[in-house]
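Quick notes on the structure that follows.
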Amino acid sequence: MSAPASSIRTKAAKSDDTIDSAAWLKPSSAAILVATAPTNLLSYTSALVPAAECRLVQKLFGFEAQLCAFESVLRENGAELFFMPAPELFASSESYRHLTQLSGVDSARVIHFRFGMARHARLLKHAENLSVLAERHVCLPLTPSAHPFAAGNVLPAGISSVLLYEPVRPNAVRLGGGTLRSHTLSPAYVSRDIETALQRKSTQHAGAGRAAEHGAGLYVRSFAEFQPSLWLRNEAGEGPGGGSTDWRRVLALSQLSGIRDDASLGFVLIPWNLSHPASVIPDVVLKLCRTGNLHRAGYRPVLFPYNENGDSAQVIDALVVRARAALHATRGALRSVFLARLRSLDAAWMLPRLFSLAWIEAADPEQSWNVARLAALDIRSALLGQTIRPDADSSSVAFSLPSDEALPISVSDQFGDRAYSAPSVSTRGLAALVTRSLAEIRSGRDVRPLLHSRADDTMARPFAVSGHGRSGGGTMRKGEA
């Protein structure tokens, strides 16, 4: 395979530490390339699988999406990446003989790429351990913790290098000190999988790929429909949203946006980092719910949780419970806030049709990666809270809303007790955000109907538009969804 990351040198036009998608993959010596991430171990029956066959919960954000894009670039350049669910299993010479047999690569050299949050990093013994890191922590705990990985910016001492997505000095350090080499990945490592999926969709002939055409890879549930057991199973039914009645209703109502100006309806995409302990997204959503008129507003917030594992999945259920308690008498509002997953990249084409704007938490450690990822889908971002990078690409960032409130957050988990002061937006600031977002959604964009074929029309029944009402069940009024 390639030379180790520590010996990579790049073209003169780039930073000395930039990894180009082709330059470092030219074969020079054989190696077994393996990736690990904090996924559910129970999903696998083998100790090693091709990375392209990983069973991922979603593929839009977080370590799962980063693994998808990384594997796509390597495959494009003729290299095979394997996924190892439990790196702890490989520690002896005997286990490494099994590794050689499973991979089909006769080499004693193993390069291990660890994806995911720094505080969840793991090592593979007798391998070159590299951390692929999209995090840049700017909201650190105010109180110290005895756990060495509590702050989120400390990597195990066995990590030899860190691969970053932007040419900045890493704010991660190695446990025990010592030099931590860093290299910058080219933009292809952010978006190649999405670009490939969109290109495949554009060349797909009419009638091909029924599941992809119907958007079965986009799983959506409203707060009213959400059930923890179904969410954990990640099951989906036919059509966009996996059979969600509330989602079909708002899709049908969005069709009225192209017919009636008074029924204008848009969607806002909200990435939610479940492994960011100081995330203000739950607070923002609850403030939206408490306004009392969310179901009559001209937009629908759609949360895309990511970096989900066994410890963080319960955070979703906790937010839904709090929202239901706040809206016990307003079920219409619960049917207007959604949780979503992009389960398959075959449904990625739907996202730019649905969303033109995303709300990005500026203090999210993966903020920059999320903005770049969405830009590949032609979705612009609005930064919530204090702007971290005022020099951000203006073509990707629509606007930034400064923080006007500090939200105190207390966390108690396996990393100890911590307190944060997270930059957030007040109720007044949120109103300004909504107003500006609606203007952004409605300005300069042609209506791109999601239901565009006869086959798709059947998915919206009984909510299909017929004149100013709907067929098969009465009249749809503005705000009914």
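For region 288-329, residues that are surrounded by fewer than 16 Cβ atoms within 10 Å (Cβ to Cβ), touching a Gly at 6+ places or on another chain (Cβ under 9 Å) and not in a loop (DSSP other than H, G, I, E, B) total 1.
Only residues that are part of a strand (DSSP E or B), touching a residue at least 24 places away in the same chain (Cβ under 8 Å) and among the polar types (S, T, N, Q) were counted across region 395-438, and they come to 3.
In region 277-287, what residues are open to solvent by 10 Å² or more (accessible area, probe 1.4 Å) and either in a strand (DSSP E or B) or of a type outside the set (S, T, Y) (or both)? Of everything in region 277-287, those that are open to solvent by 10 Å² or more (accessible area, probe 1.4 Å) and either in a strand (DSSP E or B) or of a type outside the set (S, T, Y) (or both) turn out to be P277, P282, D283, K287. Evaluate the following for L256: is it buried (at least 17 other Cβ atoms within 10 Å of the Cβ) and either modelled with pLDDT of 85 or more or under 30 Å from L407 (Cα atoms) (or both)? No, not satisfied. Taking region 22-47 as the range and being at pLDDT 80 or above, over 13 Å from M84 (Cβ atoms) and of a type in the set (S, T, N, Q) as the test, no residue passes.
Only a single criterion out of (1) closer than 24 Å to E195 by Cα; (2) at pLDDT below 75; (3) open to solvent by 20 Å² or more (accessible area, probe 1.4 Å); (4) among the aliphatic types (A, V, I, L, M) is not satisfied by L56, namely (2). Taking the listed residues A172, A157, the one that is without any contact (Cβ under 8 Å) to a residue 60 or more places away in the chain and touching a helix residue (DSSP H, G or I) at 6+ places or on another chain (Cβ under 6 Å) is A172, with no other qualifying.
Condition test on G332, is it assigned to a loop (DSSP other than H, G, I, E, B), touching a residue at least 40 places away in the same chain (Cβ under 8 Å) and open to solvent by 10 Å² or more (accessible area, probe 1.4 Å)? Considered against the rule, which asks whether it is assigned to a loop (DSSP other than H, G, I, E, B), touching a residue at least 40 places away in the same chain (Cβ under 8 Å) and open to solvent by 10 Å² or more (accessible area, probe 1.4 Å), G332 comes out as no. Using the structure shown, decide if W359 is under 30 Å from G217 (Cβ atoms), in contact with a helix residue (DSSP H, G or I) (Cβ under 6 Å, 6 or more places away or on another chain) and at pLDDT 90 or above. So W359 does not fit the description; no.
Quickly run through region 126-139 and pick out the residues that are surrounded by fewer than 22 Cβ atoms within 10 Å (Cβ to Cβ) and free of Cβ contacts under 8 Å to residues at least 40 places away in the same chain. Of everything in region 126-139, just one residue is surrounded by fewer than 22 Cβ atoms within 10 Å (Cβ to Cβ) and free of Cβ contacts under 8 Å to residues at least 40 places away in the same chain, namely H126.
The values are calculated or read from the model by the stated rules, or taken from the named source; none is laboratory data. What you are looking at is a predicted structure, and each value in this text was computed from that prediction instead of being measured. Cβ: placed from backbone, ideal geometry, glycine included. Neighbour counts: every protein chain shown. Heads up: the accessible areas ignore ligands, DNA and RNA and are worked out on the full protein's heavy atoms, side chains in. Shrake-Rupley method; radii C 1.70, N 1.55, O 1.52, S 1.80 Å.
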